[in-house]
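Down below is the structure, laid out as structure tokens.
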Amino acid sequence: MVFIADYDVAHETHIKKANVFGHRYSKGGEEYLKEGKGIISSDGDFWQEHRRFALKTLRDFGLGRNIMEAKIMEEYMFRFEDFKKSHWKNGAIEIHSNTFFDYLVGSIINQLLFSERFKYGDPEFEKLKTSLTQSIENMSIVDAFAPMWLLKSDLMKWRTKVTLAPFDYIFGLVEKKI
């Protein structure tokens with residue numbers, strides 16, 4: 001790994017000669033999940049094409065403009081009003097901040113991607129959250145950085161399945177919505 005601490009050198013390597021220095025180390029967990037596709041784990045021409053598409057799409061969603069902020073604030077206001085109505089007890093609000101923020105962030109992301117929000121107690125959201133929590137709790141440094149051949153070996157196959165299987169639900173959910 002190389003760290004560049006000089007602005008001129010960083011500009012030269014990352015902007016002017018990005019194609020020359022843009023190659024990435026492929027981590028086993030990423031490669032297993034994404035099969036070398038996407039913006040994060042891909043490389044070369046495939047990466048450039050998808051990066052261009054992602055940046056254009058994010059700009060269309062309003063990234064870098066007030067549109068994104070407006071969408072986030074709209075969801076926040078909706079959640080807060082809903083929260084006040086459903087949690088107001090004896091002149092006070094009972095707050096379970098983890099749940100509130102889980103639904104707030106989940107709904108913001110879901111609104112931006114699929115134009116719909118999660119309702120409190122939504123079984124789809126609960127399963128999604130459980131799947132992500134399971135995967136994170138089971139993951140270790142070996143799972144994240146081991147080479148692909150090790151993750152697919154008989155020695156690690158069971159571990160890979162336990163750690164990365166929850167993502168199957170997530171991918172299925174995204175496919176269903178698209």
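Just so you know, all these numbers are worked out from the coordinates, no wet-lab data involved. The structure presented is a predicted model; accordingly, all values stated were derived computationally and were not measured. Neighbour counts are summed over all protein chains in view; Cβ atoms, including those assigned to glycine, are modelled from backbone coordinates with ideal geometry.
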Please list, by residue number, everything in region 130-150 whose backbone N is under 19 Å from a paramagnetic label point 7 Å out along Cα→Cβ of residue 165.
130-140, 143-144
Suppose every K and R has +1 on its Cβ and every D and E has -1 on its Cβ; what is the size of the dipole of region 87-168 about the Cα centre, in Debye to the nearest 20?
120
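Structure shown: which of 17/56; 129/152; 16/56 lie over 24 Å apart, alpha-carbon to alpha-carbon? Intermediate results must be reported in sequence, preceding the final value.
Numbers: 17/56 22 Å; 129/152 26 Å; 16/56 21 Å.
Checking Cα-Cα distances, 129/152 exceed 24 Å.
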